[in-house]
Protein chains: 2
Amino acid sequence: MEKQLQIGILGFGTVGSGVLRILKHHEPKLNQMTGVSLKVKKVLVRDILKNRGTIADGIELTLDADEIVNDPEIDIIVEVMGSIDQAKKYIEKALIAGKHVVTANKDLMALHGNELVALAKENRCDLYYEASVAGGIPILRTIVDSLASDEIQKVFGIVNGTTNFILSKMTNEGKSYDQALKEAQELGFAESDPTNDVDGIDAARKMVILTRLAFGMNVEVDQIETKGIRDLQQEDIEIADKLGYKIKLIGSAIQIKNKVSVDVGPILVPINHPLASVQNENNAIFVVGAAVGETMYYGPGAGELPTANSVVSDVITVAKNIRLGTSGNVFSSYQHETKLARDTEVNNKYYIAIEMQDKTGQFLALTKLFSQFDIGFDQIIQQPLSSDMAKVVIVTHKINKAQQKEMVSALKEVNEMNLLVCFKVMEGK
Amino acid sequence: MEKQLQIGILGFGTVGSGVLRILKHHEPKLNQMTGVSLKVKKVLVRDILKNRGTIADGIELTLDADEIVNDPEIDIIVEVMGSIDQAKKYIEKALIAGKHVVTANKDLMALHGNELVALAKENRCDLYYEASVAGGIPILRTIVDSLASDEIQKVFGIVNGTTNFILSKMTNEGKSYDQALKEAQELGFAESDPTNDVDGIDAARKMVILTRLAFGMNVEVDQIETKGIRDLQQEDIEIADKLGYKIKLIGSAIQIKNKVSVDVGPILVPINHPLASVQNENNAIFVVGAAVGETMYYGPGAGELPTANSVVSDVITVAKNIRLGTSGNVFSSYQHETKLARDTEVNNKYYIAIEMQDKTGQFLALTKLFSQFDIGFDQIIQQPLSSDMAKVVIVTHKINKAQQKEMVSALKEVNEMNLLVCFKVMEGK
């Protein structure tokens, strides 16, 4: 009963010190839950001499990661140092040395997760990464647990807090994209180079991780059709509002006949759908299972304490697995051949905004073009832009992605029409 | 590694057969997750001869629960028979015999949970009951897990699907309470005697369970101020809408200075709050933690498959605990002395609807009455009811419960004024 597990932490930033604090403060509760005592032995730091108060008492600090990953007494490595290449190297060394690993590193797990999961399995080690997606929400654990007795059909939602913050400001306060981005940067929700967030790259990386767990398929980031929010205009938000929708950046992974369709982009969400009311930097993810139906998990997408909390949850699970002798099932060892759905198999309604000359016959030309691809209309709004230009907004019937792509390229060929945006429309409840 | 755990199921209704089906169909996955094989040995039925297809092959059926709870080979009892007294008797026998128990019985756990939890602890047995609150949502597990490293401050939300269905119909389709109730009954969402649901009793029972887990306090059902939706008028829903709110039946447990305040009642929820968009029979529960912040869990509140799924999750946890040697921590053994917050410590805004004579001086009398208890107004709407009567609706500033109660009794003393409803107002985001 008095077994002890020793932990090494790579990184003593805000998340690392949060993890250390939780492990210290909640020691008796954690011992009771796992049946073992959890002790932090060593922490990798950048500066040995920095004053850290009493939190580091009794713990060895080191500048050399190898002293941690090669320490035969250490059972579990917690990687919260960030970066991709360095972190990958240390995690590989740790797994090869038979140590279990908990990481919060989303970029690493999106880009190299597949290799690392295989390496963990090969070495019969655990590799957990709950904090890498939607920081404070136990979404990966929930997906893996529900897979035990259910089949997941869809995973979709708001997985990037920065863009949701910007969209909230544009929607609720009528701000422009640039104003909202600036505010996000001032508040620390967006980085000075916001590319990864606003172009949907961060969301796509999270969808790689979610798709791997929910469907056992390894989709690469560049296989995910990804649109960001840079081109989004205040006007689109206003028109969407008139039509009964909010615009949200949604990552979506859907199973279609043993294949999967994954994409990221701005989507029109019906105003009474729970995702429409997710404000500011929060995340919210729907998981739809054959048995359980629609469930949603909502909470802070990031933040030091929520992230540290998720890391500690993973440490608890790893400790239990060690004692159960069930290590090495690497979160989910559920694997299927990766097959992407064909464009003709993926159906959606679309919101299309077109700028065109406001002259007789233009509208007829437009409807002819749509009917050529067998695309019907649900809703149409036309409004004047200037003396001779008009903006036409169309919500289509359900069409497949192939039709949508053909229509988009045909529109680009027409000189007098300018396609502004083409977004998916989520079906109402 | 080839250890086997044997299971006895009390009840072969829709949930019982769902549990059996999941255990059979997912056997390899479940073995892999728990490190043991899970085998159903006996099931309690009402009718031995009923044709059940191949699902019961290789399983002993019995009419006598004692054959199950006294079987020394059975490790885990799953109680899905419903009823309170019978179920309690069998669960007690099982725990005394050293068997671990999983139950979906909300009424039993609300009324006798405290005794049963103590009995389980005394016998070093597990007692799990995830399916008793919000069927398909892993809310109890989430609360217990987050307690490992966080402190919960509030738990609140929509915990009764029947009333949320009725309120959705009244709000979205303009139906009266009676029409909406009838529809709920026809669709099987409400029972022929709907008292437990519409008077908030079912929600209060769930709050007993949630309060016990989140705060370690044993509040009794009759200590929970409980209001139902019978008195709610279509007009209140319309006025709330004009003020920017939806009316929802909300159960709420809040920690205030080491005490707890628990109540159930219709509340005005700001229209852009995630709870406002929870439609029909769905449930949604907010958990607010000191570290993790606001998280929400949304999904079907009931249903056979979601419930069976939750029961199986509990069986998995119990099996793991047996192997870990961590049985008997009874879901959460977190205990505090039960202390209820005083009325003067609980602050809220209120929505108050009053019917009064439409004559000079009445409004002055009303404002005097409010100022007497130091209650300020946020919003006021007055509308004529008939030639000489008016309806006045007031949203107050934040006041404490003592002020609210004094004001309500003072209003009842005034002959010319009739208090129609007094609901809490949830603060905006």
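A compact table of results
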{"item": "Ranked list, fewest to most other Cβ atoms within 10 Å of each Cβ, for B:LYS320, A:LYS99, A:LYS3", "result": "A:LYS3, B:LYS320, A:LYS99"}
{"item": "Residue order, fewest to most surrounding Cβ atoms within 10 angstrom, among A:MET207, A:MET81", "result": "A:MET81, A:MET207"}
{"item": "Candidates per GluC sites (Glu not before Pro) in segment A:288-380, loop by DSSP, up to 14 other Cβ within 10 Å", "result": "A:GLU337"}
{"item": "On Cα atoms only, tilt of A:177-186 relative to the major axis of chain A in degrees", "result": "20 degrees"}
{"item": "Total charge dipole magnitude, segment B:308-429, about the Cα centre, Cβ charges on Lys, Arg, Asp, Glu only, Debye to nearest 20", "result": "500 debye"}
{"item": "Gaussian network model of chain B, Cα within-10 Å springs - most flexible of B:THR344, B:THR103, B:THR14", "result": "B:THR344"}
{"item": "In degrees, nearest ten, helix B:401-413 long axis to first principal axis of chain B (Cα)", "result": "50 degrees"}
{"item": "Cα gyration tensor shape for segment A:1-125, rounded if a/c is under 1.5, else prolate or oblate", "result": "oblate"}
{"item": "Inter-copy spacing of B:GLN233 label points, which lie 7 Å from Cα along Cα→Cβ, given in nm from shortest upward", "result": "4.8"}
{"item": "Debye, to nearest 20: dipole size of chain B, +1 on Lys, Arg Cβ, -1 on Asp, Glu Cβ", "result": "900 debye"}
{"item": "log₁₀ of I(q)/I(0) at q = 0.05, 0.09 Å⁻¹ - the protein assembly as shown, Debye sum with one point per alpha carbon", "result": "-0.30, -0.99"}
{"item": "Range of Cα positions in segment B:139-300 per principal axis (Å), largest first", "result": "46, 32, 25"}
{"item": "Partners for B:LYS412 among lysines (Cα-Cα distance below 21 Å; same-chain residues under 8 apart left out)", "result": "B:LYS227, B:LYS349, B:LYS359, B:LYS368, B:LYS391, B:LYS401, B:LYS424"}
{"item": "Rh (Kirkwood; distinct C-alpha pairs) - segment A:347-425, Å", "result": "12.5 Å"}
{"item": "For segment A:238-295 and segment A:49-121, distance of Cα centres in Å", "result": "35 Å"}
{"item": "Residues A:SER386, A:SER168 arranged by fewest to most Cβ contacts within 10 Å", "result": "A:SER386, A:SER168"}
{"item": "Restricting segment A:394-427 to trypsin sites (Lys or Arg not before Pro) in coil, as DSSP defines it, with at most 15 other Cβ within 10 Å", "result": "A:LYS398"}
{"item": "Calculated [θ] (222 nm, deg cm²/dmol) that DSSP helices of n ≥ 4 give over chain A, each run adding -39,500 (n - 2.57)", "result": "-11500 deg cm²/dmol"}
{"item": "For B:ALA204, net neighbour charge (Lys/Arg +1, Asp/Glu -1) across residues whose Cβ lies under 12 Å away", "result": "-4"}
{"item": "In degrees, nearest ten, helix B:106-122 long axis to first principal axis of chain B (Cα)", "result": "50 degrees"}
{"item": "Most fluctuating residue given options B:ILE229, B:ILE55, B:ILE76, as computed from a GNM of chain B linking Cα atoms under 10 Å", "result": "B:ILE55"}
{"item": "Relative frequency of Cα-Cα separations exceeding 29 Å in chain A, percent", "result": "50 percent"}
{"item": "Of A:ASN105, A:ASN309, A:ASN258, the one that fluctuates the most in a GNM where chain A has Cα springs shorter than 10 Å", "result": "A:ASN258"}
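Every number here is computed from the coordinates shown, using simple stated rules; none is lab data. What you are looking at is a predicted structure, and each value in this text was computed from that prediction instead of being measured. No Cβ is skipped: glycine too gets one built from the backbone with ideal geometry, and neighbour counts run over all protein chains shown.
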